[in-house]
1. Looking at the range 156-257, send over the antiparallel percent of its DSSP beta bridges, to the nearest 5.
2. In straight Cα distance, which lysines are under 21 Å from LYS90, not counting same-chain residues fewer than 8 positions off?
3. In the range 175-314, what is the count of Lys pairs whose alpha carbons are under 23 Å apart, counting only pairs at least 8 residues apart or on separate chains?
4. Can you tell me the dipole magnitude for the range 196-269 around its Cα centre, using point charges on the Cβ only (Lys, Arg +1; Asp, Glu -1), in Debye to the nearest 20?
5. State whether the range 177-227 is rounded, prolate or oblate according to the following rule on the C-alpha gyration tensor (a ≥ b ≥ c being the square roots of its eigenvalues): a/c under 1.5 gives rounded; otherwise a/b larger than b/c gives prolate, and the remaining case gives oblate.
6. Can you list the lysines whose alpha carbon sits under 18 Å from that of LYS45, skipping same-chain ones fewer than 8 residues off?
7. May I ask which residue of THR2, THR42, ALA17 lies farthest towards the positive end of the charge dipole of the range 1-59, with charges of +1 (Lys, Arg) and -1 (Asp, Glu) on Cβ and the Cα centre as origin?
8. Based on the Kirkwood radius over alpha-carbon pairs, what value in µm²/s does the Stokes-Einstein equation return for the translational diffusion coefficient of the chain at 4 °C and 1.567 mPa s?
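Each reported figure results from applying straightforward, stated rules to the coordinates on display, with no laboratory input. On a predicted model such as this, the values are computed, not experimentally measured, just so you know. So basically every Cβ, Gly included, is an ideal-geometry build from the backbone, and we count neighbours across all protein chains shown.
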Amino acid sequence: MTEAAVIFGLEGAELTANERAFFKSAEPWGLILFQRNCASRTQVKRLTDDLRALTGRDHLPILIDEEGGRVQRLKPPEWRKRPAMRTFGKLYEIDRSRGLEAARLNAQLIAEDLGELGINVDCVPSLDVPVPGSHNIIGDRAFGEDPAEVATLGRAVAETVLAAGMLPVIKHMPGHGRATLDTHEALPRVSTSRAELARTDFAPFKALNDQALGMSAHVIFESIDPDLPATLSPKVISEIIRGEIGFQGLLMTDDLNMNALQGTVASRASRALSAGIDVILHCNGKLGEMEEIAKVVPKLAGKSQARAGAAIELLKRPRAQVKIAQVEQRLKELLI
């Protein structure tokens, strides 16, 4: 049976009876985990096993934002602290080969942690290119301020995640680096010319336009669509993300609950889908909101269904084998 065009969050560390009934009925394409869902290794593995048993889907996409630095859902002491992506950008600027190797090794280790837990989609890499004066919501989550460097390191991370048997998500399309506001709190407006955006912000996404999954930005680009953020803009999605950037993978929203968007969650979902988004992302795990979204989100069909299917096929490939202790030691040597 075809799944619905949505990814939902969960309330806690175990499925509630109401969640079981809802997910069984709503059939979301995937589910996303946060710190509130991750208490221990055994608990998370039990949870992901439970989700797959409930849905009857061996390759159910289970997502997480595990970037390292400020965005790490798997917290110490149960899991090892991982560096922010900017760490690898700084090393790359000193020694390109060391920076690339370190980025790959770190991605291997994160992917191994996730794979052991039954998580198979990591929302990395961020391909945003910050500029001076932009909000720190991206900051050291970005590899650096040079588009070519961001693209090179982003490619290294994405390919490593794929080789580990899971899917990366390139984000936040078509670029979040110039935003002067935090989209969790407000709607940023970017006045930069389209030509300059193409040279800088769009460039890393264009370089990785062959990836299977991407995430939109809740940012207005005045030179393209002065009225709507990228997530809700047919023009940004068709002309820029699908056109100029050339991304043909599955495009999901950033979290619908961010205050950059207005209206009910159901209206936000409907507008995003009408704009050309493939899959809605709703993260807070509030059942009432999920029920409202489920009423307006259709089953995957057409190009969206094909893109979702292509992503699932990638999850069926064998995982590369990694010797964790050796990788940890080599990464430590590179970061000294």
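1. Numbers: 1 of 9 bridges.
The answer is about 10 percent antiparallel.
2. LYS81, LYS171, LYS332
3. Details: LYS206/LYS235; LYS206/LYS303; LYS235/LYS303; LYS286/LYS295; LYS286/LYS299; LYS295/LYS303.
Eligible lysine pairs with Cα atoms under 23 Å apart amount to 6.
4. Values: 5 positive and 10 negative charges, 33 e Å.
Once rounded to the nearest 20, the dipole reads 160 debye.
5. On the way: a/c = 2.18, a/b = 1.31, b/c = 1.67.
Cα axes put the range 177-227 in the oblate bin.
6. List returned: LYS75.
7. THR42
8. Working: Rh = 19.9 Å.
Taking Rh from Cα pairs, D becomes 65 µm²/s.
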